[in-house]
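In what follows, a single structure is set out as structure tokens and then discussed.
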Amino acid sequence: MLSNRQLFLHHLGQTSTAPLMLEIVKAEGITMYDISGHTYIDLISGVSVSNTGHRHPDVVEAIKAQTGSYLHLMVYGEMIQSPQVKYATRLAELLPAGLESVYFVNSGSEAVEGAMKLAKRFTGRTRIIYFRNSYHGSTHGALSIQGSELYRNDFRPLLPDTIQAGFNDPDAASLIDDHTACVILEPVQAEAGVILPEPGFLEALREKCTEKGALLVFDEVQTAFGRTGSLFAFERFGVLPDILVLAKALGGGMPLGAFISSRTIMSSLVKDPQLGHITTFGGHPVCCAAGLASLEVILKEQLAEKASPKSQLFRELLKHDLVTEIRGEGLLLAVQLKTPAHTGYIIANAPRHGLILDYFLFCSDSFRIAPPLIITDNEIKEACSKLISLFDEAQMMLKD
Ligand code: PMP
């Protein structure tokens, strides 16, 4: 009989040449348990999803309660489904005026597609400006605005009329003109290896978008829900988008995405013709119930506010010869090592040390630290002591 390991490789479509291959039987809080009885500290939240930890009791309770009422009823936007209404209303309460209309979808990529379509429909323009080393998803539209050729070139032709700009390039705003439908960016670039915006960069884009009637879209799929030390990253920079894209932690561990705008902008999807965007499962009631429960935990336990001191603790405890820089905000950190070979060694050997780590798509010399925000100081100390042993080991093994 074939093992699950063999069946996994045989029957599940694979795209990674080096999957983690851990068979997890249970996950709780920041810990994963595998079939052989090993435990792992989750330092990546798989990826940036489990902000309130795995199977938070409030989230599990909300899921159970909703499964007792109904699952799927009808395609999105036809019936009044109370989990969707409650979640959208709560998000609107927490977001500034101008971001009160929530369109729920299933994933980050889909939310990005929706945001781009909304910008085109509202402005009547086609041009989209995006940024080097940005990641917005794997669907064709999202690939068209991926800021790296490597993973997209074979899938051409992609969307026409897209222009790449340099993140933090002071000249980027000058590309925005009367043809621009939207400018889309991650306010903190994640897969680029956690790159923060330079002071003035987001402000200049905002100003030029307003002047030219283009929409500013922030993709906060990785950065929202407390990850960078505020509920939404844009709050830290004081720049408001016209469309906000959310996913990952939005669902509290269930699949959910959303694009959010003003009612005026969103209403363009309802006319000329109607049904500007359709989804069968978007805003699934169980996912909305789970997401809302997770959001309430983030607020009640002030997880956003606590992310920054926790970040500081990681920085203090990860001082090592191998570490050349630690970038980031809150609990979205990039630990840069001396060489990509060191990064590869650390990530590949992390499970043997009881840790789960991951790469960034576009930054080969750094690894990611983005644990569940509920991680305690003692758990951070334990994780860092394992990391330091791993650094020592890598230094010894890769000595030239
Ligand atoms: N935008 C950003 C910033 C992301 O990091 C991701 C996923 N890593 C996506 C969009 C796409 O999300 P999904 O994988 O849910 O389609």
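The values are calculated or read from the model by the stated rules, or taken from the named source; none is laboratory data. Fair warning: this is a prediction, and the values are worked out from it, not measured in the lab. In this analysis, Cβ positions are derived from the backbone assuming ideal geometry, glycine residues included, and neighbour counts consider all displayed protein chains. Ligands, DNA and RNA are excluded from the accessible area calculation, which covers all protein heavy atoms including side chains. Shrake-Rupley method; radii C 1.70, N 1.55, O 1.52, S 1.80 Å.
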Expected sort for 376-382, 355-361 on mean C-beta neighbours within 10 Å, highest first, is 355-361, 376-382
Counting only residues 5 or more places away or on other chains, whose amide H sits under 5 Å from the amide H of THR162 once H atoms are built in the peptide plane?
ILE128
Degrees, to the nearest 10: 377-397 long Cα axis against longest axis of the chain
70 degrees
With n ≥ 4 as the cut-off for DSSP H runs, can you work out [θ] at 222 nm for the chain, using -39500 (n - 2.57) per run divided by the number of residues, rounded to the nearest 500?
-10500 deg cm²/dmol
Listed residues THR31, VAL239, VAL59: farthest to the positive end of the dipole of the chain (Cβ charges)
VAL59
Could you derive backbone 3J(HN,Hα) for region 176-193 from the dihedral phi with the Karplus parameters 6.51, -1.76 and 1.60 (θ = phi - 60°), listing whole Hz in sequence and x where the residue is Gly or Pro?
7, 9, 5, 9, 7, 7, 7, 10, 10, 7, 8, x, 10, 6, 8, 5, 6, x
Using a 1.4 Å probe on the protein heavy atoms only, what accessible surface does PHE281 show? Give it in Å² to the nearest 10.
110 Å²
Relative to the chain, whose Cα atoms define the longest principal axis, helix 340-349 and its Cα axis are tilted in degrees, nearest 10, by 70 degrees
If VAL188, VAL25 are ordered by their accessible area, calculated over protein heavy atoms with a 1.4 Å probe, which sequence runs from highest to lowest?
VAL25, VAL188
Give me the distance in nm between label points sitting 7 Å out from Cα along the Cα-to-Cβ direction at PHE281 and LEU9, one decimal.
2.8 nm
Amide H neighbours of GLY257 at under 5 Å, excluding residues fewer than 5 places away on the same chain, with H built from the backbone geometry, are VAL105, ASN106, SER107, GLY283
Region 302-308 - phi-based ³J(HN,Hα) in whole Hz, Karplus 6.51/-1.76/1.60, Gly and Pro as x
6, 5, 5, 4, 7, 5, 5
Can you return the aspartates and glutamates within cross-link range of LYS64? Criterion is Cα-Cα under 20 Å, with same-chain partners fewer than 8 residues away left out.
GLU28, GLU296
With each pseudo-label sitting 7 Å past Cα toward Cβ, what's the ASP154-LYS338 distance in nm, one decimal?
3.5 nm
Please list TYR103, TYR76, TYR87 from largest to smallest accessible area, probe radius 1.4 Å, with all protein chains kept in place.
TYR76, TYR103, TYR87
Below 16 Å, Cα to Cα, which aspartates and glutamates can LYS319 reach? Residues fewer than 8 away in the same chain don't count.
GLU382, ASP392, GLU393
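For ALA165, what charge total do you get from the other residues with a beta carbon under 10 Å from its beta carbon, if Lys and Arg give +1 and Asp and Glu give -1?
In short, -1.
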How large are Rg and Dmax for the chain when calculated on the C-alpha trace, in angstrom?
21.1, 66
The set of residues whose placed amide H lies less than 5 Å from the amide H of ASP358, leaving out same-chain residues fewer than 5 positions away, is ARG368
Could you run the Karplus curve 6.51 cos²θ - 1.76 cosθ + 1.60 with θ = phi - 60° over region 211-220 and give me ³J(HN,Hα) per residue in whole Hz, x for Gly and Pro?
4, 9, x, 8, 9, 9, 10, 9, 8, 10
Points 7 angstrom from Cα along the Cβ direction at LEU71 and LYS86: gap in nanometres?
2.0 nm
Hey, what angle do you get for helix 285-300 against the long axis of the chain, alpha-carbon based, 0 to 90 degrees rounded to 10?
70 degrees
Which of the aspartates and glutamates could a cross-linker span from LYS26 if the Cα-Cα distance has to be under 18 Å and same-chain partners fewer than 8 positions apart are dropped?
ASP34, ASP42, ASP58, GLU61
